[in-house]
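Visitor: Quick one: structure below, then a few questions.
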Amino acid sequence: MINYRYKKYRIFRGSLLLLLVFLIQPYLGLKVVAQDTQKIVEYKGTVVDAQTGDALPFVNLEIAGTNIATVTNSEGNFSLKLDEAMPNAKVAITYSGYKKLLVILKDLAKTNNEIALSAQRFELDEVSISRPKDAYTLVAKVFSNRNQNYLDTETNMTAFYREAINKRNRSASLAEAVVAIKKRPYTNAGSDLVGVYKARKSTNYNRLDTLAIKLQGGPLNALYADLIKYPEYFMTPATLSNYDFSFGEPLINDSKMVYVVNFKQKENILDPLYYGKLYIEAETFALTNAIYNMNVENRKRASELFVKKKPNRVKVYPSEISYRVDYRNTDGKWYYSYSNVQLEFVVNWKRKLFNNKYRIKSEMLITDWEEELGAQNITNKTKFKSNTILADEVSGFRDPDFWGSYNVIEPEKSIQQAIDKIQRQIRRE
């Protein structure tokens, strides 16, 4: 095997994302006593565009008056679990470019569990009056206003995390976890701490063939996509000059105008940087969303960032690296709420006619930050380590009610099919 040291580019201090190895890492879990004594009601549904009927992915749903929240999956489906004592709970649905909607969850059955959002439009002439003179200046304001726009106190959060590895179009590994997060204030440089409370996984090593592809860092990877808290993994005020910025069409989000900024690395920059869109609230200059990709045209340099170890006889390079991060606002303060990281790698063995393509997806959702899950008890000894592989040390899928009252991201059809297949195999055994 060859060890590849991570190349420390000016804007990318190391990578925690992919490990091609045959090793087993130690695992430290968070010991918490949980009490699921209350009766829970689960609501499921789909969010669609009112005009076209198309499903809307990554829509934010939050129970009014609480910090309980979820998002729709890529197919527009969602699941929310609530105490039975909240029959009239209202859910606020927000999505950039659409009107905010309040829905009483118990009334979902009247609409066949479908929620329709209407697009919200405005006159561009009104926007241009207050728009900053250039997109570069606007992005710089995101960083200069960080301390007043984002959480400035330590917060104990609960989150759901999922990672899946597919070889070609077939599931090879699936791991899920409920985690506790000790979220450090955005106003200081302290790193967040993560502890795994409950987790399960299933891996088909035969499908992975002779190469064990594992995701190192688990929920930490998803958390480090919080580019306001960890700008060193994305861009910093000092590296803005590496990019070209331009304005896109602005949007409305929760009745507030949001600037859209397109960005890409300058042509004279050789290191693999990023391109995509930033969504910035016009009034406060807070980053509300970011959707972007890494430039992987230079295969060698991109591979060095992500592949830590590999056999000598194999070439591995990324063909797609994409990110999404969303922020939520509570009482005037924004905080990380959801991230989605997708990596596609081509694995090419010497003397083999065909290569293999692996797709790795990880996502994490903050589901609450009143139910602390013992986050205050996470220490440097019990925290999840950046070199830990979640799928190596957990098991599960035998219990169909494994998650109990904890909110999760509704699985997409392909993931649900994989879960159903796993459980059928377990029943046969």
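Here's the yes/no breakdown for (1) among the small types (Gly, Ala, Ser); (2) assigned to a loop (DSSP other than H, G, I, E, B); (3) within 30 Å of residue 148 (Cα to Cα); (4) without any contact (Cβ under 8 Å) to a residue 24 or more places away in the chain:
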| site | (1), (2), (3), (4) |
| --- | --- |
| 335 | no, no, yes, no |
| 343 | no, no, no, no |
| 360 | no, no, no, no |
| 376 | no, no, yes, no |
| 414 | yes, no, no, no |
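Visitor: Give the stretch 155-194 a look and list any residue that's modelled with pLDDT under 90 and of a type in the set (D, E, K, R), or say none.
Guide: Across the stretch 155-194, the qualifying residues are 167, 168, 170.
Visitor: Which residue pairs have Cβ atoms under 8 Å apart, sit 6 or more places apart or on different chains, and have a first residue in the stretch 80-99 that is within 25 Å of residue 411 (Cα to Cα) and a second that is assigned to a strand (DSSP E or B) and aromatic (Phe, Trp, Tyr)?
Guide: Every condition considered, the pairs that remain are 80/43; 81/43; 82/43; 96/279.
Visitor: Are any residues in the stretch 298-317 surrounded by 15 or more Cβ atoms within 10 Å (Cβ to Cβ) and either free of Cβ contacts under 8 Å to residues at least 12 places away in the same chain or part of a helix (DSSP H, G or I) (or both), and if so, which ones?
Guide: 299, 301, 302, 303, 304, 305, 306
Visitor: Would you please name the residue that is nearest to residue 132 (Cα to Cα), looking only at residues in the stretch 261-277 that are hydrophobic (A, V, I, L, M, F, W, C) and in contact (Cβ under 8 Å) with a residue 60 or more places away in the chain?
Guide: Looking at residues that are hydrophobic (A, V, I, L, M, F, W, C) and in contact (Cβ under 8 Å) with a residue 60 or more places away in the chain, I get 261.
Visitor: Continuing with this model, one more query. Please go through the stretch 318-333 and pick out each residue that is over 19 Å from residue 170 (Cβ atoms) and either out of contact with any Ser or Thr (no Cβ under 6 Å at 6 or more places or on another chain) or without any contact (Cβ under 8 Å) to a residue 24 or more places away in the chain (or both).
Guide: Listed by number, the residues that qualify are 318, 321, 322, 323, 324, 329, 330, 331, 332, 333.
Visitor: What tally of residues in the stretch 245-276 results from selecting those that are in a strand (DSSP E or B) and surrounded by 14 or more Cβ atoms within 10 Å (Cβ to Cβ)?
Guide: Residues meeting the conditions: 18.
Visitor: Right, something else. Suppose the filter is closer than 19 Å to residue 172 by Cα and open to solvent by less than 20 Å² (accessible area, probe 1.4 Å); does residue 358 pass it?
Guide: So residue 358 passes the test.
Visitor: List, please: which pairs have Cβ atoms under 9 Å, are six or more places apart or on different chains, and start with a residue in the stretch 285-297 that is more than 17 Å from residue 250 (Cα to Cα) and end with one that is acidic (Asp, Glu) and open to solvent by 20 Å² or more (accessible area, probe 1.4 Å)?
Guide: The qualifying pairs are 293/320; 294/320; 295/271; 296/320.
Visitor: Here is a follow-up. Of all residues in the stretch 91-110, how many are surrounded by 16 or more Cβ atoms within 10 Å (Cβ to Cβ) and either closer than 10 Å to residue 63 by Cα or at pLDDT 95 or above (or both)?
Guide: 5
Visitor: Residue pairs, Cβ under 6 Å, 6 or more apart or interchain, first in the stretch 112-137 and surrounded by 11 or more Cβ atoms within 10 Å (Cβ to Cβ), second modelled with pLDDT of 95 or more and of a type outside the set (A, V, I, L, M, F, W, C). List them.
Guide: If the second residue must be modelled with pLDDT of 95 or more and of a type outside the set (A, V, I, L, M, F, W, C), the pairs left are 114/46; 135/246.
Visitor: Would you be able to say whether some residue in the stretch 239-251 is out of contact with any helix residue (DSSP H, G or I) (no Cβ under 6 Å at 6 or more places or on another chain) and among the aromatic types (Phe, Trp, Tyr)?
Guide: Checked against the condition, which is being out of contact with any helix residue (DSSP H, G or I) (no Cβ under 6 Å at 6 or more places or on another chain) and among the aromatic types (Phe, Trp, Tyr), the stretch 239-251 yields at least one hit.
Visitor: Could you tell me whether the stretch 223-236 includes any residue that is within 22 Å of residue 326 (Cβ to Cβ) and assigned to a strand (DSSP E or B)?
Guide: No - not one qualifying residue is present in the stretch 223-236.
Visitor: Going by the structure shown, is residue 59 within 17 Å of residue 365 (Cα to Cα) and at pLDDT 95 or above?
Guide: Working: within 17 Å of residue 365 (Cα to Cα): yes; at pLDDT 95 or above: yes.
Yes, satisfied.
Visitor: Then there's this: Taking the stretch 392-429, which residues are at pLDDT 75 or above, crowded, with 17+ Cβ neighbours inside 10 Å and more than 30 Å from residue 66 (Cβ to Cβ)?
Guide: Correct list: 418, 422.
The values are calculated or read from the model by the stated rules, or taken from the named source; none is laboratory data. This is a predicted model, so every value here is computed, not measured. All Cβ positions, even for glycine, are placed from backbone atoms using ideal geometry, and neighbour counts span all protein chains on display. SASA here: full protein model, heavy atoms, side chains in, ligands and nucleic acids out. Shrake-Rupley method; radii C 1.70, N 1.55, O 1.52, S 1.80 Å.
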